[in-house]
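Asks: Let me begin by handing over the structure; questions about it come next.
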Amino acid sequence: MKIVVAIKQVPSRDSELRIASSGKWIEEADFAYEINEPDAYALEAGLRLKESYGGEVVALCAGPPRVTQTIREALAKGADRGIHIELEDEDHAALDSLATARLLAAVLRGEAPDLVLTGLQSDDLGYGQTGPILAELLGLPHATIVMHVEKQAGGIRVKRELEGGWFQHVDMPLPALLTIQSGIDKLRYATLMGIKKAKSKEVRRVTAADLGVAGPEGVPAASVTVDRLYFPQRIKRAQLFEGDPQQAAARLVEKLRFEARVI
């Protein structure tokens, strides 16, 4: 089974966020970067499927030259080869879910995998849309919030997490696309032998122009643009309700229902 895992490099969680001078994105110059955590679980799911059923795992990542580190990390954990869609820093920051999916889809059409795995969402933007959009562009059946995958004759069976502690089991044909929920398995560490082997594994580099999806700016045009990025204003405000407890409770419920709109 040929499995392609789409991974993303994001700022590490302990990074100090600052707004860039443009006011439209964060200042990335001094960041440390790491693999997006949900994508790490997608990679783990792909590696476990390979160990159980054979085949190969391909790590696919779009971004500037620094994402090579994340691709090598995936190779060190057991991926067989990598594909790097090369972008400039400013181009990478301008991509939305649709533009990113168009880049990934252009690569995947040539790879023709049996299974495409992505994380449920990214830690930096959290849209949770790239996987479903990618499935639509490729015309693949897809399932989201997947907790478990097992291969069956003619396809796969997946376990999806629903609300309220419920789960759903779905039988799907192959090829298919799945977005993986965080925490489904224990993540593995790269071994010393794996790190050594990763240095000799293939990492194919392509550009948007090579893929035939370059827009006027060199990358697929984004359908969503950021007008302004800012930190939320911190406001400290308290309101005291006078009267007996029953009256105070009634006023509190009124505020929560009609002003805060949380009940």
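The values are calculated or read from the model by the stated rules, or taken from the named source; none is laboratory data. Values in this document were obtained by computation on a predicted structure and should not be read as measured data. Here the Cβ positions follow ideal geometry from the backbone for every residue, glycine too, while neighbour counts run over all protein chains shown.
Asks: Within 16 Å of the chain's Cα centre (by Cα) and over 14 Å from Leu117 (Cβ atoms), is that true of Ala74?
Replies: Values: within 16 Å of the chain's Cα centre (by Cα): yes; over 14 Å from Leu117 (Cβ atoms): no.
When the stated conditions are applied, Ala74 does not pass them.
Asks: Can you name the residue in segment 143-171 that is part of a loop (DSSP other than H, G, I, E, B) and over 17 Å from Gly183 (Cα atoms) and is also modelled with the highest pLDDT among such residues?
Replies: The residue in question is Ala153.
Asks: Part of a helix (DSSP H, G or I), without any contact (Cβ under 8 Å) to a residue 12 or more places away in the chain and farther than 30 Å from Ala45 by Cβ - does that describe any residue in segment 226-242? Before you say what the answer is, go through the steps one by one.
Replies: Just the residues of segment 226-242 that are part of a helix (DSSP H, G or I), to begin with: none.
The answer is no; no qualifying residue exists.
Asks: Follow-up. Kindly provide the set of residues from segment 158-170 that are surrounded by fewer than 17 Cβ atoms within 10 Å (Cβ to Cβ) and either within 16 Å of Val116 (Cα to Cα) or aliphatic (A, V, I, L, M) (or both), ordered by number.
Replies: Across segment 158-170, the qualifying residues are Leu162, Val170.
Asks: Within segment 190-206, track down each residue that is surrounded by 12 or more Cβ atoms within 10 Å (Cβ to Cβ) and either over 30 Å from Pro141 (Cβ atoms) or modelled with pLDDT of 95 or more (or both).
Replies: Ala190, Thr191, Gly194, Ile195, Lys197, Ala198, Lys201, Val203, Arg204, Arg205
Asks: Another one. Answer yes or no as to whether Leu140 is surrounded by fewer than 16 Cβ atoms within 10 Å (Cβ to Cβ), part of a loop (DSSP other than H, G, I, E, B) and either touching a residue at least 12 places away in the same chain (Cβ under 8 Å) or among the charged types (D, E, K, R) (or both).
Replies: Numbers: surrounded by fewer than 16 Cβ atoms within 10 Å (Cβ to Cβ): no; part of a loop (DSSP other than H, G, I, E, B): yes; either touching a residue at least 12 places away in the same chain (Cβ under 8 Å) or among the charged types (D, E, K, R) (or both): yes.
In short, no.
Asks: Out of Leu211, Leu177, Leu229, Leu187, I need the residue that is within 29 Å of the chain's Cα centre (by Cα), surrounded by 12 or more Cβ atoms within 10 Å (Cβ to Cβ) and farther than 30 Å from Val107 by Cα. Which one?
Replies: Leu229
Asks: Restricting to segment 57-76, what's the tally of residues that are in contact with a helix residue (DSSP H, G or I) (Cβ under 7 Å, 6 or more places away or on another chain) and surrounded by fewer than 22 Cβ atoms within 10 Å (Cβ to Cβ)?
Replies: Result for segment 57-76: 3.
Asks: The conditions are (1) more than 20 Å from Glu44 (Cβ to Cβ); (2) buried (at least 17 other Cβ atoms within 10 Å of the Cβ), and Ala153 fails exactly one of them. Which is it?
Replies: The single condition Ala153 does not satisfy is (2).
Asks: On to the next question. Find the residue count for segment 1-42, including only residues that are surrounded by fewer than 16 Cβ atoms within 10 Å (Cβ to Cβ) and part of a loop (DSSP other than H, G, I, E, B).
Replies: So the answer is 16.
Asks: Which one of Ala79, Ala62, Ala101 is at pLDDT 90 or above, among the aliphatic types (A, V, I, L, M) and part of a helix (DSSP H, G or I)?
Replies: Only one candidate passes the filter, namely Ala101.
Asks: Next question, about the same structure. Could you please tell me which pairs satisfy a Cβ distance under 9 Å, a separation of 6+ or placement on different chains, a first residue in segment 30-57 that is on the phi > 0 side of the Ramachandran plot, and a second residue that is in a helix (DSSP H, G or I)?
Replies: Gly55/Leu49
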